[in-house]
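Structure record follows, encoded as structure tokens.
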Amino acid sequence: MKTTLLLIPSLVISLSLCSYSPANNHHTEFKTIKLIQDPSPFEIAGALKQALQQGTAKSSDQLSAVDGFFKNAAVKILFPPQAQKAEKTLRGLGLGKMCDDAILSMNRAAEDAAKQAKPIFIDAIEHMTLDDATNILLGSQDAATQYFKRTTSAQLTAAFKPIVQASLNKVGATKYYGDVANEYNKVPFASKINPDINAYVTQKAIDGLFYEIALEELNIRKNIGARPSPLMQKVFAFADGKHL
């Protein structure tokens, strides 16, 4: 009797996993039971905020470190396209150090500016709607990066410009690049170049940030190990299934 009672729970569990088909009483039809529910819109938003905070913090920390721009070939700031001919000419005249100093100082200015990016990104994340979160999660591989470009570019430009200008002055970039431009502008018949590089360095600093954010976004989407929280793991596993 005791053995029979012990078998009853197992029998109940087994019956719950199958259904009887009256059309054919010789066969029992087994159905797969979904044990994990799809994430709710609130869970999606929560996971996206965690992922975006992780990605933007990592990117701004990397780029704001010493040599964050200068020793990162993908985002290193070089002479503007219109000034590259001037650089080549000046290096040919033995003024290579002047050019090197200008490049280093531009990158130092971008590294200074990158420190100010975090609060701007955090504000954009906090204002993200449930629809924004779902569209980002199920969108393209750079959907989060594109969201940031739409919502933060103007703020980043406004915040970065004075910082870049102050940094350019502090590290001597204004002087170094101005010296390069002024020296080149003395060359007979040469096209004149603008010695003001504030806007150029500001934009390149912002471009570098978005480049690094896109890399981190792709890492989170492709690498399960880049999803540290259970919520991120659940939500991005759901997205993985949708993108199959």
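Structure summary
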item	result
Residues (polar (S, T, N, Q), part of a loop (DSSP other than H, G, I, E, B) and at pLDDT below 90) located in the stretch 16-64	S21, N24, N25, T32, Q37
Residue in the stretch 153-165 that is in contact with a helix residue (DSSP H, G or I) (Cβ under 6 Å, 6 or more places away or on another chain), within 30 Å of E43 (Cβ to Cβ) and touching a residue at least 40 places away in the same chain (Cβ under 8 Å) present	yes
Only listed residue being closer than 17 Å to G208 by Cα, of a type in the set (D, E, K, R) and either at pLDDT 90 or above or not in a helix (DSSP H, G or I) (or both), chosen from D132, D112	D112
Of the criteria (1) over 23 Å from I197 (Cα atoms); (2) assigned to a helix (DSSP H, G or I); (3) without any contact (Cβ under 8 Å) to a residue 60 or more places away in the chain, which one D100 fails	(1)
Flag for Q141 being surrounded by fewer than 16 Cβ atoms within 10 Å (Cβ to Cβ) and among the polar types (S, T, N, Q)	yes
Residue under evaluation Q84, criteria (1) more than 30 Å from K186 (Cβ to Cβ); (2) modelled with pLDDT of 50 or more, criterion not met	(1)
Filtered residues of the stretch 192-232 (kept if of a type in the set (D, E) and either touching a helix residue (DSSP H, G or I) at 6+ places or on another chain (Cβ under 8 Å) or at pLDDT below 80 (or both))	D196, E212, E216, E217
Qualifying positions in the stretch 151-160 - surrounded by 15 or more Cβ atoms within 10 Å (Cβ to Cβ) and among the aliphatic types (A, V, I, L, M)	L156, A159
Residue that is modelled with the highest pLDDT [pool: residues in the stretch 161-191 that are assigned to a loop (DSSP other than H, G, I, E, B) and surrounded by 13 or more Cβ atoms within 10 Å (Cβ to Cβ)]	N185
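The values are calculated or read from the model by the stated rules, or taken from the named source; none is laboratory data. No experiment lies behind these values; they were computed from the predicted model shown. Note that we place each Cβ from the backbone using ideal geometry, even for glycine, and neighbour counts take in every protein chain shown.
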